[in-house]
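Have a look at the structure below before the remarks.
Throughout, read-outs are computed from the coordinates displayed, never taken from laboratory work. Since this is a predicted model, take the numbers as computed values, not measurements. Here the Cβ positions follow ideal geometry from the backbone for every residue, glycine too, while neighbour counts run over all protein chains shown.
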Amino acid sequence: MTIPRRAALAGALALTSALTMALTVTACSSSGRSNSPSTEGSSHVIKTAMGDVRVKDHPQRVVVLDTAELDSAITLGVKPVGATHADVASGFLDYLPKDKLAGIKDVGAMMNPGLESIAALRPDLILTSKVRHGDKYAELSKIAPTVMTESTGYPWKQNFQLHAQALGKVAESKRIIDQYGAHVRELTARLGGPAKAAALKVNVVRFVEGADIRIYGRKNYIATVLADVGLGRPAVVDRAKDGFSYDVSPERIDLADADVIFHATYGDPAKSKATRTLGSALWKGLPAVRAGRVHAVDDQLWIQGIGYGAAEAVLRELGGMLPR
């Protein structure tokens, strides 16, 4: 069927308009890459996992595509105009203050953000990581300057500093880091000092729907918080693949024993083996369980949060759970 001339002309004009808009919101950075803000206001170049990126000194319309970036923004006093949702009923993680989340546009699932939804918000900065969205970098950077860290989780402190640079909040970040350090030292002191803290062996166990049970190693977000406090870890954590986690079946849950055990559940408790494991004689026979030194913790906060906002809340919970 032949397309009427008027319809064809309208389509061509629409395409031209879309291309013009894309070119307007993207300009060549100092490295020659199309990933810099408009010329309005001052800007600076920061080093990212994808190379040098020029960003506005004080971006006003920020979109974040993962939980760590959302924690960083909120903690630094920046309310994003858009964010991806996590796989939780509330969309955004529950530990974050509700008033700080009000008005943030949901731009899709974390691993599959809606590019059209992001573009519609006219952002002047996008924050994410290469491990999450490296395959979408070219498309994202045409929408707005896109700052990617290499990964997420374990390097969260370095990532936070990059987020602060991108958001123009370096001074605020130093205050937050110093405050966290002070709270860590206070908790260590309350436990009796570094030597007593190190003598207390703790484990973090995560029940994950569709996967084996994870005994968390040393190279993940929550492990860094435990290490900051100076808490000891059982030898089993050093069996963790790449330092992340050592995975076991319910029949091997005795390997998770420690002076104190924290456990979290991601997904349905029955499908994640939590119900079966926590009700088993093997679990109930663990010395930590018999001593009452086992604590169920919020997966969103302890595992998914990944930032100084979450870390501060974890420190407060640790203070009430750890024996002195």
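I need the shape label for the stretch 214-324. Rule: rounded when a/c is under 1.5, else prolate if a/b > b/c, else oblate, with a, b, c from the alpha carbon gyration tensor. Show your work: numbers first, answer last.
Values: a/c = 1.39, a/b = 1.33, b/c = 1.04.
It is rounded, given that a/c, with a ≥ b ≥ c, falls under 1.5.
Put in line by how crowded their Cβ is, counting other Cβ atoms within 10 Å and starting with the fewest, Leu255, Leu121, Leu93, Leu65 read Leu255, Leu121, Leu93, Leu65. Note down the relative contact order for the chain as a percent, whole number, built from C-alpha pairs under 8 angstrom at least six residues apart. This gives 16 percent for the chain. Placing pseudo-labels 7 Å out from each Cα toward the beta carbon at Arg122 and Ala235 gives an inter-label distance of 6.3 nm.
Here the spin labels are modelled as points 7 Å beyond Cα on the Cα-Cβ line, and at Glu172 and Asp87 they lie 3.1 nm apart.
Under a model in which nothing but the beta-carbon of Lys, Arg (+1) and Asp, Glu (-1) is charged, the chain shows a dipole of about 200 debye around its Cα centre. Between the Cα long axis of helix 308-321 and the first principal axis of the chain there is an angle of about 10°, rounded to the nearest 10. The residues Asp135, Asp298, Asp57, when put in order of fewest to most other Cβ atoms within 10 Å, stand as Asp135, Asp57, Asp298.
Based on alpha-carbon atoms only, what is the radius of gyration of the chain relative to the globular estimate 2.2 N^0.38 Å? Working shown, then result.
Details: Rg = 22.9 Å, N = 324, 2.2 N^0.38 = 19.8 Å.
In units of the 2.2 N^0.38 Å rule of thumb, it is 1.16.
Could you calculate the FRET efficiency of Glu251 with Arg290 from 1/(1 + (r/R0)^6), where r is the beta carbon distance between them and R0 is 22 Å, rounded to 0.05? Could you put the intermediate results ahead of the total?
Numbers: r = 19 Å, r/R0 = 0.88.
The value I calculate is 0.70.
From the P(r) of the stretch 123-246, could you give the percentage of C-alpha pairs in the tail past 26 Å?
The answer is 39 percent, as a whole percent.
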